[in-house]
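Engineer: Questions regarding the structure given below will be posed in turn.
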Amino acid sequence: MTGSADKTVKVFDPTQGFKPIASMTATDSVFCGRVIQNRIAVAGCGDGNILAYDLNSFKCLYGYGADQVGAVHCLKPTEDLQALITGGDSG
């Protein structure tokens, strides 16, 4: 999974070469991302949103505002997958 300033999240399958197998639209530049259990990709965006994508359908499942000041720069799920820890411009 990669994200970039062009507001896209791309998914690659290394066994199929380095061509993206899916490209999904984000709400702003993508600063960070994480794949959870090979099923969900989460992306932290420049507008403070975190977006969650289904890696089977490549559709955005939901999004929520995590940082009211600016970008989400890092994120990680907890070990039990019950929470998502983020760091962003709000400090």
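The values are calculated or read from the model by the stated rules, or taken from the named source; none is laboratory data. What you see is a predicted model; the values in this text were computed from it and never measured. Virtual Cβ from ideal backbone geometry, glycine too; neighbours counted across all protein chains shown.
Engineer: Would a scan of region 12-31 turn up a residue that is of a type in the set (Gly, Ala, Ser), touching a Ser or Thr at 6+ places or on another chain (Cβ under 6 Å), in a loop (DSSP other than H, G, I, E, B) and surrounded by 14 or more Cβ atoms within 10 Å (Cβ to Cβ)? Working first, answer last.
Structural biologist: So the first thing to find is which residues in region 12-31 are of a type in the set (Gly, Ala, Ser), and the list is 17, 22-23, 26, 29.
Filter once more, so that each one left must be touching a Ser or Thr at 6+ places or on another chain (Cβ under 6 Å): 23.
Remaining after also requiring in a loop (DSSP other than H, G, I, E, B): none.
The answer is no, given that none of the residues of region 12-31 is of a type in the set (Gly, Ala, Ser), touching a Ser or Thr at 6+ places or on another chain (Cβ under 6 Å), in a loop (DSSP other than H, G, I, E, B) and surrounded by 14 or more Cβ atoms within 10 Å (Cβ to Cβ).
Engineer: For Gly91, indicate whether it is out of contact with any helix residue (DSSP H, G or I) (no Cβ under 6 Å at 6 or more places or on another chain), over 16 Å from Met1 (Cα atoms) and loosely packed, with under 14 Cβ neighbours inside 10 Å. Give the steps one after another, and end with the answer.
Structural biologist: Values: out of contact with any helix residue (DSSP H, G or I) (no Cβ under 6 Å at 6 or more places or on another chain): yes; over 16 Å from Met1 (Cα atoms): yes; loosely packed, with under 14 Cβ neighbours inside 10 Å: yes.
Yes, satisfied.
Engineer: Checking Ser57 against (1) in a strand (DSSP E or B); (2) of a type in the set (Ser, Thr, Tyr); (3) surrounded by fewer than 18 Cβ atoms within 10 Å (Cβ to Cβ), only one condition comes out false. Which one?
Structural biologist: (1)
Engineer: Suppose we filter region 51-70 for residues that are at pLDDT 95 or above and within 15 Å of Gly88 (Cα to Cα); how many remain?
Structural biologist: 1
Engineer: Another one. Only one of these is on the phi < 0 side of the Ramachandran plot, touching a Cys at 6+ places or on another chain (Cβ under 6 Å) and among the aromatic types (Phe, Trp, Tyr): Tyr53, Tyr64. Name it.
Structural biologist: Details: Tyr64 fails: touching a Cys at 6+ places or on another chain (Cβ under 6 Å).
The unique qualifying residue is Tyr53.
Engineer: Would you be able to say whether some residue in region 72-87 is modelled with pLDDT under 90 and in a loop (DSSP other than H, G, I, E, B)? Can you show your working first?
Structural biologist: Taking region 72-87 first, the residues modelled with pLDDT under 90 are none.
So far as region 72-87 goes, no, none of its residues is modelled with pLDDT under 90 and in a loop (DSSP other than H, G, I, E, B).
Engineer: Oh, and also: If I filter region 1-11 down to residues being part of a strand (DSSP E or B) and out of contact with any Gly (no Cβ under 9 Å at 6 or more places or on another chain), which single residue comes out as nearest to Gly70 (Cα to Cα)? Outline the logic, then answer.
Structural biologist: Taking region 1-11 and keeping what is part of a strand (DSSP E or B), we get 2-3, 8-11.
Subsequent filtering for residues that are out of contact with any Gly (no Cβ under 9 Å at 6 or more places or on another chain) retains 8, 11.
Values: Thr8: 18, Val11: 25 Å.
Ranking the qualifying residues of region 1-11, first place goes to Thr8.
Engineer: Name the pairs: first residue in region 43-69 and farther than 15 Å from Thr8 by Cα, second residue basic (Lys, Arg), Cβ to Cβ under 8 Å, at least 6 apart or on different chains?
Structural biologist: Once the first residue is farther than 15 Å from Thr8 by Cα and sits in region 43-69, its partners that are basic (Lys, Arg) give Asn56/Arg39.
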